[in-house]
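Trainee: Next up is a structure, given as structure tokens.
Taken together, the values in this text are just the output of simple stated rules run on the coordinates, not laboratory data. Because the structure is predicted, anything quoted here is derived from the model rather than measured. We place every Cβ from the backbone using ideal geometry, glycine too, and count neighbours over all the protein chains shown.
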Amino acid sequence: MEITVQSDLQKTVAGAKTLLGSYSMFASSTQDQAAKKMFQEMAQEMQRHVDSLNSRLSYVEKNNPMYQQQQQAQQ
């Protein structure tokens, strides 16, 4: 696996976390109960996406010899 995949996953995780924060902010700032519920559900779903992406990123990092070499060089 290439470092590019790892980098792309890291960027995707960051983007998903940004959306998660936006949805949570929208949920807390609206008075419309239907919209609040919608944004809360979207935030919950995005949290599942973040968790799945982080799981995949961990797998890639553990199974990527180039990443392991970088980690050893930093120590």
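Trainee: Taking other Cβ within 10 Å of each residue's Cβ, how do 23, 59 sort, fewest first? Walk me through the numbers before you get to the answer.
Mentor: Details: 23 20, 59 12.
Ascending Cβ contact count within 10 Å gives the list 59, 23.
Trainee: Now for a separate question. Please report the relative contact order for segment 3-74, taking Cα pairs under 8 Å with a sequence separation of at least 6, and give it as a percent rounded to a whole number. It would help to have the intermediate numbers written out before the result.
Mentor: Working: 46 pairs, mean separation 27.1, N = 72.
That works out to 38 percent.
Trainee: I would also like to ask the following. Along Cα→Cβ, 7 Å out, is where each label goes; now give me the distance between the ones at residue 61 and residue 22 in nm to one decimal.
Mentor: 2.5 nm
Trainee: About its Cα centre, how strong a charge dipole does segment 3-74 have in debye, to the nearest 20, once Lys and Arg get +1 and Asp and Glu get -1 at the Cβ?
Mentor: Working: 7 positive and 6 negative charges, 11 e Å.
My answer is approximately 60 debye.
Trainee: Sort 4, 18, 30 so the one with the fewest other Cβ atoms within 10 Å of its own Cβ comes first. Don't jump to the answer; show the numbers that get you there.
Mentor: On the way: 4 8, 18 11, 30 14.
Final ranking by Cβ density, sparse to dense: 4, 18, 30.
Trainee: Modelling each spin label as a point 7 Å along the Cα-to-Cβ direction, I'd like the residue 14/residue 31 distance in nm, to one decimal.
Mentor: The answer from the label model is 3.8 nm.
Trainee: If you don't mind, another one. Taking only pairs that are 8 or more places apart or on different chains, how many Lys pairs in segment 3-74 have Cα atoms under 24 angstrom apart? Present the calculation step by step, with values, prior to reporting the outcome.
Mentor: Numbers: 11/62; 17/36; 17/37; 17/62.
Lysine pairs satisfying the spacing and distance rule in segment 3-74 number 4.
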